[in-house]
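Please read the structure below before turning to the comments.
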Amino acid sequence: MPTERVLLQAEGFGVDYDSTPILADIALSVHAGEVVALIGASGSGKSALLRALLGLSPATAQTRGLLRFAQADGGLRERRDITPLRGATIGFVPQDPQTALSAHRTVAQHLDEVLATHAPGSTRPMRAEQAAALLTSVGLTGELLPRYPHALSGGQGQRVLVALALAGNPAILLADEPTSALDPRATHELLALLQAQARVQRRGVLIVSHDLSATAHAADRVAVLAGGRLVEIGATAAVLSQPQHPLTAALMAACPPLTPPRPARLAEAPRPAPCARVARACAFAATCGRAQSVCAETPPAWRTIAGREVACHWPLGAA
Ligand code: SF4
């Protein structure tokens with residue numbers, strides 16, 4: 001989506017926890033009308049990145065580099081204090097409805113509270129009308145308004161979370177593992193909903209997930225995070241059909257079969273290893289079958305191969 005408006009942009013972005021680097025050199029953008037899947041194994045740093053994008057890093061965290069968000073006037077501004085943007089500019093879709101929603105409050109009460117936050121002068125009947133419209137916009141009906149979370153299916157609960165995230169009419173939706181508890185049909189429907197929010201409403205959507213196969217096919221671009229750094233970014237079809245970074249291939253190997261089929265060189269792929277801090281060079285130098293001495297000494301530079309960006313000294317497409 002190179003011609004679309006940029007809604008979220010990180011450049012040289014990094015985060016330290018107690019002077020320990022957790023994320024480094026993050027360069028990522030999300031455009032209007034675009035779905036980007038941020039894929040990473042456990043310990044890759046994706047949760048730390050999501051927290052940073054939401055302005056929810058620990059109070060002692062230090063950030064580096066640029067982080068810009070679209071503003072109401074159409075501009076793109078660097079933000080240090082993201083808190084005021086949550087809800088109106090950034091909509092957050094949490095992972096699990098049963099923990100994100102209060103068990104003692106109905107769907108109507110959850111929606112009413114969020115809508116009142118965004119429109120302090122609104123009346124309860126006005127908000128009730130808006131709540132029903134929000135449910136309709138995520139493919140649900142007003143019949144769910146009196147229900148408590150335990151009376152919702154997994155797919156319904158996740159859609160309610162999307163409706164809550166949309167209450168402030170945000171420019172960007174950040175979704176944290178939104179399909180992790182859903183069956184295949186509900187997964188497909190939820191991803192179609194998020195895709196429609198991008199295509200029809202021209203929002204930017206960033207889906208953070210460990211599951212390449214479940215989420216990537218709904219994305220326009222895939223960004224792979226490993227060891228606190230991005231290692232491969234490109235159009236979904238290109239990345240899935242021919243991954244260039246050994247870690248991307250390993251993530252594909254860990255997933256159920258994909259269409260197109262898995263690549264042929266999986267034996268060369270390193271196992272994704274949990275990483276508590278950013279490595280000095282490549283985080284997989286100790287386990288990667290393609291590693292050479294330079295891999296443990298120098299961070300790999302970005303290069304363009306087969307239509308995507310990859311940071312690896314010896315990518316799979318190299319001779
Ligand atoms: S930089 Fe070296 S160790 Fe790291 S993934 Fe590439 S080949 Fe393997």
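The values are calculated or read from the model by the stated rules, or taken from the named source; none is laboratory data. None of these values were measured; they are calculated from a predicted model. Positions of Cβ are generated from backbone atoms using ideal geometry, with glycine treated the same way; all protein chains shown enter the neighbour counts.
Quick notes on this structure:
- One residue alone among ILE82, ILE90, ILE26 is under 23 Å from ARG221 (Cβ atoms) and without any contact (Cβ under 8 Å) to a residue 60 or more places away in the chain, and that residue is ILE82.
- Residues (in contact with a Leu (Cβ under 7 Å, 6 or more places away or on another chain), more than 11 Å from the ligand (Cβ to nearest atom) and either modelled with pLDDT under 60 or in a loop (DSSP other than H, G, I, E, B) (or both)) located in the range 248-290: CYS255, LEU258, PRO260, ARG265, VAL278
- Against the test of being crowded, with 19+ Cβ neighbours inside 10 Å and either free of Cβ contacts under 8 Å to residues at least 60 places away in the same chain or not in a helix (DSSP H, G or I) (or both), the options LEU182, LEU194 yield a single qualifying residue, LEU182.
- Residue in the range 113-130 that is closer than 23 Å to LEU191 by Cα, among the small types (Gly, Ala, Ser) and over 28 Å from the mean Cα position of the chain (by Cα) present: no
- Members of the range 310-319 that are closer than 20 Å to ARG221 by Cα and near the ligand (Cβ under 10 Å from one of its atoms): VAL310, ALA311, CYS312, PRO315, LEU316
- Test: residue in the range 209-219 that is surrounded by fewer than 23 Cβ atoms within 10 Å (Cβ to Cβ) and either within 16 Å of the ligand (Cβ to nearest atom) or under 23 Å from GLN130 (Cβ atoms) (or both): no
- Of the residues ALA59, ALA133, ALA103, the single one that is under 30 Å from VAL278 (Cα atoms) and either touching a Lys or Arg at 6+ places or on another chain (Cβ under 7 Å) or among the hydrophobic types (A, V, I, L, M, F, W, C) (or both) is ALA59.
- Test for ALA237: is it within 16 Å of the ligand (Cβ to nearest atom), part of a helix (DSSP H, G or I) and over 16 Å from the mean Cα position of the chain (by Cα): no
- Of all residues in the range 291-309, those satisfying the criterion of being near the ligand (Cβ under 9 Å from one of its atoms), modelled with pLDDT of 90 or more and either closer than 21 Å to GLY43 by Cβ or out of contact with any His (no Cβ under 8 Å at 6 or more places or on another chain) (or both) are ALA291, CYS295, ALA296, PRO300.
- Residues that are part of a loop (DSSP other than H, G, I, E, B) and in contact with a helix residue (DSSP H, G or I) (Cβ under 6 Å, 6 or more places away or on another chain) were ranked within the range 147-177; the one that is nearest to ALA108 (Cα to Cα) is ARG147.
- Criterion applied to LEU206, LEU230 was being under 11 Å from ILE39 (Cα atoms), in contact (Cβ under 8 Å) with a residue 40 or more places away in the chain and out of contact with any helix residue (DSSP H, G or I) (no Cβ under 9 Å at 6 or more places or on another chain), and the one residue passing it is LEU230.
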